[in-house]
1. Given charges of +1 on the Cβ of Lys and Arg and -1 on the Cβ of Asp and Glu, with all other atoms neutral, how large is the dipole of the chain about its Cα centre, in debye to the nearest 20?
2. For region 107-189, take the alpha-carbon Rg, divide it by the Kirkwood Rh, and send me Rg/Rh.
3. Using a simple spin-label model with points 7 Å from Cα along the Cα→Cβ vector, what separation in nm is obtained for residue 383 and residue 87?
4. Given charges of +1 on the Cβ of Lys and Arg and -1 on the Cβ of Asp and Glu, with all other atoms neutral, how large is the dipole of region 113-251 about its Cα centre, in debye to the nearest 20?
5. How many percent of DSSP beta bridges within region 183-305 run antiparallel, rounded to 5?
6. Using a Gaussian network model on the chain with a 10 Å cutoff between Cα atoms, which of 58, 296, 100 fluctuates the most?
7. Provide the net charge surrounding residue 290, with neighbours chosen by a C-beta distance below 10 Å and charges set as Lys +1, Arg +1, Asp -1, Glu -1.
8. Residue by residue through region 268-278, what is 3J(HN,Hα) from phi via Karplus (6.51 cos²θ - 1.76 cosθ + 1.60, θ = phi - 60°)? Round to whole Hz and write x for glycine and proline.
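The values are calculated or read from the model by the stated rules, or taken from the named source; none is laboratory data. Just so we're clear, the structure is a prediction, and the values are computed from it rather than from any experiment. Every residue, glycine as well, gets a Cβ built from its backbone with ideal geometry; the counts of neighbours run over all protein chains shown. For accessibility, only protein heavy atoms count, side chains too; no ligands or nucleic acids. Shrake-Rupley method; radii C 1.70, N 1.55, O 1.52, S 1.80 Å.
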Amino acid sequence: MNAPASSLHKPQVVIIGAGFGGLYAARALKHAPVEITVIDRRNHHLFQPLLYQVATAGLSPGDIAYPIRAVLARQMNARVLLEEALEIDPATRTVKLCDGVLKYDYLILATGASHAYFGHDDWEPFAPGLKSLEDALEIRRRILVAFERAERETDAAQKNELLTFVIVGGGPTGVELAGAIAEISRQVLVRDFRAINPKDARVLLVEAGPRILPSYPEDLSAAAEVSLKKLGAEVRTKCPVTAVRESQVVVGGECLHAATVLWAAGVAASPLARSLSAPLDKVGRVMVEPDLSIPGHPETFVIGDLANFPHQTGRPLPGVAPVAIQQGRHAARNILRLVKGQPSEPFKYLDKGRLATIGRAAGVADLGSLKFSGYIAWLAWLFVHIFFLIGFRNRFVVLFEWAWAYFTNQRGARLITGDVDKVRPGTRP
Ligand SMILES: Cc1cc2nc3c(=O)[nH]c(=O)nc-3n(C[C@H](O)[C@H](O)[C@H](O)COP(=O)(O)OP(=O)(O)OC[C@H]3O[C@@H](n4cnc5c(N)ncnc54)[C@H](O)[C@@H]3O)c2cc1C
């Protein structure tokens, strides 16, 4: 394995998953003497940190997704396959695909994670999570249709139910969703209806733990709660969800009637990890070695949301894009070292801090010794997110769209949605 590559056979590197980890790994191997196959079941890289903007009609899907093929178009040592990986056999170094089998010399597995319903997968149809463009459009549809149905509803209790939005999970995604929905109801839709006042919408963010944004310092959690309340959202902490049914959610023992319940809690690793026969943690993430490989297989790397890397802090690193990006680049560097016959090196995460936004003018920033909240934090968030948008061409388009929506309070064509008659809460069309 550690022998230098011969000039006849270029080592085959297979990267499964073109999210942040996989795509940055592929790009880091641009000048390497290897042949890369990038496999993804979608044809686009998705900038997940801005998904909630699509779900709340702030951005269009095309603003935050970019074809993987286009990202790698100029990288001649990389090819892209639109495929789903079903199984990996590290012993024979093969990946079983829906259509065929692929052999590899080096593998980077970067298929990410999703939400967990804590053993209640039957809750998902009534409380969808936000992970893909389809999820974002479905959530946008449910939010807009709830207002449309409320406009025609004559029964007061039904109307209240339609105008109640519950977001489960007080992490960054839950906070961002709650802020954006509160803002839509108070500012964006405010003049558009006749029979209802969208300002009457009740937006509740519920969290099982003692505070929202639990991974942030306490003062920033408190600042985020104040900002949410200013926007008109309610925050309930220490309120675990114990049941979700159609238009109902039981929170801290109380049954809330809400036509729109959204899920932003828990982590469930990609099921592909199970086929590796490597040790997994309790949410299914792979326990990786210090160099990001799996035990007994120095040529097989697992990165990003799918990896549990406890070697630096004693706890898993957070499931955020910078971890995936840095691990992608590191796994690529280690492959290069192995190709040259050198030993791999341990990974070290450089934590540059965290940012979250609440509505269009507030945020929280935890940049190590620098912690702040409010408008400046929101501006910092805006700058960082625009800067890292992977489809480099559309950065300016996105910035313009945002600026337009910001200064005019209009979301235009992004407020469109599907046929209301086909809509039943808790069902997908
Ligand atoms: C709504 C939301 C908001 C977020 N906000 C932030 C934020 O503000 N800041 C931040 O830093 N992080 C944020 N994150 C987290 C960040 O997006 C993830 O940490 C990051 O995307 C992880 O990268 P990854 O490469 O491990 O996996 P992903 O980016 O999830 O990529 C996984 C890829 O694998 C593909 N795939 C999965 N299974 C298969 C299969 N069997 N075969 C083929 N392909 C497969 C998927 O299609 C996908 O392209 C957010 C995440 C979400 C969902």
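1. 1000
2. 1.04
3. Going from the residue 383 label point to the residue 87 one covers 5.1 nm.
4. Numbers: 18 positive and 21 negative charges, 93 e Å.
Dipole about the Cα centre, nearest 20: 440 debye.
5. Bridges in region 183-305 that DSSP calls antiparallel: roughly 75 percent.
6. 100
7. Computed value for this residue: -2.
8. 3J(HN,Hα) across region 268-278, in whole Hz: 10, 5, 4, x, 4, 4, 4, 6, 6, 6, 9.
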